[in-house]
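Novice: Input: one structure, supplied below.
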Amino acid sequence: MLIQPKGYKYWIHTQDEVKIDPNAPTWAKNEFKEYMELMSMEPDKNGVIRVY
């Protein structure tokens with residue numbers, strides 16, 4: 001399980017998407033991008049997502 005990102009307060013949740021506040025600091029934007037890449041990974045044939 002992933003911990004809540006430090007820049008979570010800059011996230012904007014709508015009914016259709018999650019995005020980052022355009023005025024968020026650069027570190028929060030980078031953290032958001034990395035977190036979203038992790039969340040978009042595909043599971044293997046056993047339904048497991050491995051992050052190395």
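Novice: Could you check, for segment 8-27, whether at least one of its residues is surrounded by fewer than 10 Cβ atoms within 10 Å (Cβ to Cβ) and part of a strand (DSSP E or B)?
Specialist: Looking through segment 8-27, at least one residue is surrounded by fewer than 10 Cβ atoms within 10 Å (Cβ to Cβ) and part of a strand (DSSP E or B).
Novice: Mind checking which pairs have a first residue in segment 27-47 that is under 13 Å from Tyr10 (Cβ atoms) and a second that is hydroxyl-bearing (Ser, Thr, Tyr) and modelled with pLDDT of 85 or more, Cβ under 6 Å, 6 or more apart or different chains?
Specialist: Ala28/Tyr10
Novice: Residues in segment 22-52 that are modelled with pLDDT of 80 or more, under 14 Å from the mean Cα position of the chain (by Cα) and not hydrophobic (A, V, I, L, M, F, W, C): how many?
Specialist: Adding up the residues that qualify gives 7.
Novice: May I ask you to verify whether Val51 is touching a Leu at 6+ places or on another chain (Cβ under 8 Å) and of a type in the set (Val, Ile, Thr)?
Specialist: Yes; evaluated as a whole, the condition is true for this residue.
Novice: Can you tell me how many residues in segment 28-52 are surrounded by 10 or more Cβ atoms within 10 Å (Cβ to Cβ), part of a loop (DSSP other than H, G, I, E, B) and polar (S, T, N, Q)?
Specialist: The total comes to 0.
The values are calculated or read from the model by the stated rules, or taken from the named source; none is laboratory data. On a predicted model such as this, the values are computed, not experimentally measured, just so you know. Counting neighbours? That spans all protein chains shown, and the Cβs are built from the backbone with ideal geometry, glycine included.
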